[in-house]
Amino acid sequence: MHPSTSEPTGGPGAPGTPARTADRPAAATGRGGRGGHGGRGTSRRATESSAVGAAAEDHEPDQEQVARSIALRLLTTSPRSRAQLAEAMARKDVPEGVAERVLDRFEEVGLIDDAEYAAILVRTRHTERGLARRALAQELARKGIDRETAEVALAAVDREDEDAVARDLVRRRARATAHLPRETRMRRLVGVLARKGHPPGAALRIVAEVLDEQAAGEPALAVDLERADDAWPDEVDESR
């Protein structure tokens, strides 16, 4: 007689009988198990991503700090006017209000002083480059110095000072033109003084005097001062 198919053919340990699912140990599925990479790895990546986002927000540049850094870097190399520093900040997209606050603070502590800057510029450009008042005024304007401050600085240079630097400049430049005809030398040397901002009448007079010094007894070149005034440059090239 065959056993009924409704009854189990063996116990749990019988050969060929699979163990019940409930009796099996829990398998590592990769989610939350110690050996898996899904749960803990995902949590770590989420934490790192959150940290990176927070760091990015924390490291957003402070605009006032940017403005201070720009000003300090420029002032370390040479004196600057307030307008020059403001322009440098604007190029770096520093908001105008932030720039004004930083510049005001720098003025309070003496790091920016347009009056002193203008005085230094006038003194050095006049003595080292031979610039006259007209050229100096144009350069101060380009540096953003206001008219009142510029006039105070320019008061340190008078007509005698202009003539002295012009004469010294012509004497130095005249050596290189000694082989040329007098008229050619006159034209070139007057052009040098014109680019330095010296008035036409004074330039013609000083060049003639210097050439007379180098060629004793040679008469000064006759010039038409009225025509020279008409040909005089409106803008000054102080770089030469």
If you check Arg80 against the conditions, is it out of contact with any helix residue (DSSP H, G or I) (no Cβ under 6 Å at 6 or more places or on another chain) and open to solvent by 40 Å² or more (accessible area, probe 1.4 Å)? no
Lone qualifier among Ala174, Ala194 - being in a helix (DSSP H, G or I) and either within 16 Å of Leu131 (Cβ to Cβ) or at pLDDT 95 or above (or both): Ala194
Residue by residue through the range 147-188, note down the ones that are open to solvent by less than 80 Å² (accessible area, probe 1.4 Å) and of a type in the set (Val, Ile, Thr). Thr149, Val157, Val165, Val170, Thr177, Thr184
Going through the range 113-133 one residue at a time, which ones are buried (at least 20 other Cβ atoms within 10 Å of the Cβ) and out of contact with any helix residue (DSSP H, G or I) (no Cβ under 8 Å at 6 or more places or on another chain)? Tyr117
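The values are calculated or read from the model by the stated rules, or taken from the named source; none is laboratory data. In this text, all values refer to a predicted model and were calculated from it rather than measured experimentally. When we count neighbours, we look across all protein chains shown, and the Cβ atoms used for this are built from the backbone with ideal geometry, even at glycine. Surface accessibility is based on the protein's heavy atoms, side chains included, excluding ligands, DNA and RNA. Shrake-Rupley method; radii C 1.70, N 1.55, O 1.52, S 1.80 Å.
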